[in-house]
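Below: the structure, in structure tokens.
The values are calculated or read from the model by the stated rules, or taken from the named source; none is laboratory data. All figures in this text were calculated on a predicted structure; none of them were measured in a lab. Here Cβ is always computed from backbone atoms with ideal geometry, including for glycine, and neighbour counts include all displayed protein chains.
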Amino acid sequence: SCFKTLCCKGPPPPRPEYDVVCIGLTGSGKTSLLSRLCNEATDNIIPTTGFSIKAVPFQNAILNVKELGGADSIKKYWSRYYQGSQGVVFVLDSASSEEDLEVARTELHLALQHPQLCTLPFLILANHQDKPAARSVQEVTQYSLNTSLPYSVSHSVAKKFLVVLFV
């Protein structure tokens, strides 16, 4: 009947879930980004020690994001958490010092070459675009992405970070 068709459809189909690893140096904004995407408060953010997992809901999918702390004492263990990942989010501070940006670039290239990640899509977020010292789209792209892999660049709606997507 018409009534049954309109009101008795049952629960919506489940959204697909994807496992994603989120990496970047300490202070790059990984935790703030994920908290914002999950509509959580961002005023008392502390650096992640070890890792945390957040389910980030989107309209058509759920990303299970494993955020790995960016301290030197933790970075050496990143690769232990790569298994099973279906994508990578790399967050860098676009307003950081040249030295920190060079370290971020090195870590990015290590991730791009890692056997468990090298075939996965990468989303690179150049965070802190709202700061005066933030590097431009061209600077971040030329400096960080010295690679032959295909990629595209776009701005976020929030205008606080630059998005670079490896496809």
**OP:** Determine whether the range 6-19 contains at least one residue that is surrounded by 10 or more Cβ atoms within 10 Å (Cβ to Cβ), within 19 Å of Leu125 (Cβ to Cβ) and of a type in the set (Ser, Thr, Tyr).
**Re:** yes
Subject >> Residue in the range 121-139 that is under 30 Å from Pro14 (Cα atoms) and of a type outside the set (A, V, I, L, M, F, W, C) present >> reply: yes
Original post:
Residue check: is Ile45 of a type in the set (A, V, I, L, M) and touching a Ser or Thr at 6+ places or on another chain (Cβ under 7 Å)?
Top reply: yes
Original post:
So is Gly50 surrounded by 10 or more Cβ atoms within 10 Å (Cβ to Cβ) and closer than 24 Å to Thr119 by Cα or not?
Top reply: no
Original post:
Of the residues that make up the range 100-108, is at least one closer than 17 Å to Gln86 by Cα and of a type in the set (A, V, I, L, M, F, W, C)?
Top reply: yes
Original post:
For residues in the range 65-95 being more than 27 Å from Pro16 (Cα to Cα) and without any contact (Cβ under 8 Å) to a residue 12 or more places away in the chain, which is surrounded by the most Cβ atoms within 10 Å (Cβ to Cβ)?
Top reply: Tyr77
Original post:
What do you reckon, is Asp100 crowded, with 20+ Cβ neighbours inside 10 Å and among the acidic types (Asp, Glu)?
Top reply: no
Subject >> Selection from the range 109-147 of residues that are of a type in the set (Ser, Thr, Tyr) and either over 20 Å from Ser85 (Cβ atoms) or modelled with pLDDT under 85 (or both) >> reply: Ser136, Thr141, Tyr143, Ser144, Thr147
Original post:
Does the range 108-119 contain any residue that is without any contact (Cβ under 8 Å) to a residue 60 or more places away in the chain, touching a strand residue (DSSP E or B) at 6+ places or on another chain (Cβ under 6 Å), within 20 Å of Ser32 (Cβ to Cβ) and buried (at least 17 other Cβ atoms within 10 Å of the Cβ)?
Top reply: yes
